[in-house]
1. Looking only at segment A:1-18, count how many residues are part of a loop (DSSP other than H, G, I, E, B) and more than 10 Å from chain B (Cβ to nearest Cβ).
2. Criterion first (more than 30 Å from B:Pro38 (Cα to Cα), polar (S, T, N, Q) and outside any strand (DSSP E or B)) does B:Ser290 satisfy it?
3. Step by step: first the residues of segment B:110-157, then only those that are of a type in the set (Val, Ile, Thr), in contact with a Lys or Arg (Cβ under 9 Å, 6 or more places away or on another chain) and within 28 Å of B:Val27 (Cβ to Cβ), then the one that is surrounded by the most Cβ atoms within 10 Å (Cβ to Cβ). Which residue is that?
4. Provide a single number: the residues in segment A:174-187 that are at pLDDT 80 or above and of a type in the set (A, V, I, L, M).
5. Output the number of residues of segment B:237-278 satisfying the condition of being charged (D, E, K, R) and more than 15 Å from B:Val291 (Cα to Cα).
6. Give the residue, chosen from B:Asp198, B:Asp180, B:Asp215, that is over 26 Å from A:Gly80 (Cβ atoms) and touching a strand residue (DSSP E or B) at 6+ places or on another chain (Cβ under 6 Å).
7. Please pick out the residue among B:Leu166, B:Leu146, B:Leu157 that is farther than 25 Å from A:Leu12 by Cβ, away from chain A (no Cβ under 11 Å) and either of a type in the set (Val, Ile, Thr) or part of a strand (DSSP E or B) (or both).
8. Please find, among B:Ala199, B:Ala219, the residue that is exposed (fewer than 14 other Cβ atoms within 10 Å of the Cβ), in contact (Cβ under 8 Å) with a residue 12 or more places away in the chain, more than 30 Å from B:Asn283 (Cα to Cα) and hydrophobic (A, V, I, L, M, F, W, C).
Amino acid sequence: MATTWAVFRRELKGYFNTPLAYIFIVIFLFLTGIFTFYLGSFFLRGQADLKPFFNFHPWLYLFLVPAIAMRLWAEERKSGSIELLLTLPLSVWSAVAGKFLAAWVFIGIALGLTFPMWLTVSYLGQPDHGVIVASYLGSILMAGGYLAIGACISATTKNQVVAFVISVVVCFLFTVSGAPIVLDFFAAWAPQTLLDAVASFSFLTHFNAIQNGVIDLRDLIYFISLILLWLFANQIIVDLKKAN
Amino acid sequence: MDWMIEVEGLVKTFGHLKAVDDISFNVPKGQVLGFLGPNGAGKSTTMKMITGFMTPTAGSVRVAGLDMDDRPIAAKAQIGYLPEGAPAYPDMTPIGFLNFAADVRRLDAATRRRRLDYVIANVHLEAVLEQPIETLSKGFKRRVGLAQAILHDPPVLILDEPTDGLDPNQKHEVRSLIADMAKEKAIIISTHILEEVDAVCNRAMIIADGRIVADGTPAELERQSPLHNAVLIDSNDDGVAEALFALANVSQVEELQSGRYRVYPKYGESIVAEIADLSKQRNWATSRLSVEPPRLDDVFRKFTHSRPADGHAEDHNDNLEAV
């Protein structure tokens with residue numbers, strides 16, 4: 001626990017030692033703004049909610065979260081600092097968890113900085129605050145899912161670009177498996193159970209459910225178990241090929 | 001004997017390549033063991049396995065009685081390690097980096113302050129404490145790595161080329177630092193610099209092709225040099241070579257250049273006194289008479305000779321030294 005905390009603090013501080021953090025946050029806020037107001041027609045809809053804001057989060061995370069995750073392990077391998085980290089008296093799990101949590105909190109900070117959206121919609125109308133809170137929770141859980149996938153893939157290579165590209169592809173699969181492009185393909189011939197199974201793997205399905213303001217235990221369990229599963233795989237990969 | 005490091009039957013293979021091939025040795029407290037060997041001989045790989053970074057293909061490592069495989073975290077807590085090339089987190093400052101190591105090693109506040117003061121003063125990091133590590137010179141980076149390795153005052157130190165990239169003054173400082181700690185710890189260092197072995201090690205091990213090919217005190221290894229106790233004599237008189245060769249303990253006389261001879265002893269015994277007597281007896285005009293200094297590099301070449309390039313270098317060097 002203490003070692004996880006030490007890794008966590010070092011990592012989180014590391015984001016703010018470099019321009020990376022600031023660039024990420026600025027781009028994140030800029031893109032959420034564009035998506036919400038232009039593509040999401042925030043004003044034209046005439047409704048006091050943040051649907052247009054949250055609807056784009058899966059697509060935004062699809063590229064931005066792998067950009068954060070790609071360096072988690074690939075950079076350690078590249079610079080050789082992984083040798084230092086893994087010969088310190090800590091378990092691989094605490095290194096994996098510390099890194100993940102730091103990156104997650106960092107994304108959480110970026111997400112938190114979108115609060116002016118909430119203020120805006122509250123000023124303009126009477127939004128359902130419960131739905132907004134649930135949506136923020138769903139959004140951060142979904143970001144954790146993308147992040148866990150990206151962290152695990154980052155552990156397989158010392159090339160950050162490779163890590164990024166593969167992460168985007170895998171994250172894309174986890175996103176679209178609930179979208180019509182995939183489901184329509186199955187709908188014509190597959191039984192409904194298979195259709196449901198495929199859809200249930202999707203971030204979209206679960207995120208949309210939470211976005212509607214209903215925090216179903218199944219959706220929470222989905223995201224948390226997905227995160228743990230990928231982190232567990234991450235730990236195994238680091239342990240098996242730490243020295244390569 | 002209380003062994004601090006126990007290495008048994010260590011093997012590491014990468015595909016078909018056997019990087020480390022059945023290495024076993026023990027190191028007690030108070031010993032400074034120097035790993036010598038050509039590049040790619042398996043020195044770093046052995047160190048990576050001792051520190052638990054690499055998993056051995058076969059064999060076992062125990063540190064302070066703790067098995068690296070069964071209790072890796074407890075075993076790692078006993079070790080201070082400077083990896084090859086002294087990697088660190090480039091965007092951290094040295095003080096941030098040392099504090100991170102102290103956090104992970106759970107040093108309490110008082111110990112942390114005392115040890116930070118000690119390593120910063122002894123490794124001379126005061127001037128660069130707040131600079132990002134990536135902006136530091138190679139020598140400072142190495143010293144940051146060394147500071148991290150000794151921060152928690154570990155009973156076992158594994159230092160992979162600790163003086164690489166340092167200037168002669170810094171090398172001297174690092175060696176005295178190691179010598180100061182030597183009594184209380186078991187230390188393994190790897191190095192290419194043979195004089196370093198003489199300076200800090202009380203045991204030297206030559207590793208070639210993943211095996212231990214020589215193991216002993218530096219003096220014992222030096223005795224294996226073909227030049228051990230050989231005598232250099234300058235004399236332009238006639239018949240010097242024949243007279244020297246006639247001495248009972250002389251095995252060979254080599255004329256390096258006109259009027260300069262190198263005399264090799266039989267069984268490595270000291271022959272300088274006999275030669276001095278002979279010279280006086282015969283009234284030679286001897287302008288120089290000296291024993292060849294002990295040289296580990298000859299021993300090193302002798303044991304790691306299988307590479308063709310080495311043989312060539314040897315001839316070349318001998319010529320140079322003879323001039």
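The values are calculated or read from the model by the stated rules, or taken from the named source; none is laboratory data. Quick caveat: nothing in here was measured; it's all calculated off a predicted structure. Here the Cβ is made from the backbone with ideal geometry for all residues, glycine too, and neighbour counts use every protein chain on show.
1. Of the residues in that region, 1 qualify.
2. no
3. Filtering segment B:110-157 for residues that are of a type in the set (Val, Ile, Thr), in contact with a Lys or Arg (Cβ under 9 Å, 6 or more places away or on another chain) and within 28 Å of B:Val27 (Cβ to Cβ), the one surrounded by the most Cβ atoms within 10 Å (Cβ to Cβ) comes out as B:Val123.
4. The total comes to 1.
5. Matching residues across segment B:237-278 total 4.
6. Answer to the selection: B:Asp215.
7. B:Leu157
8. B:Ala219
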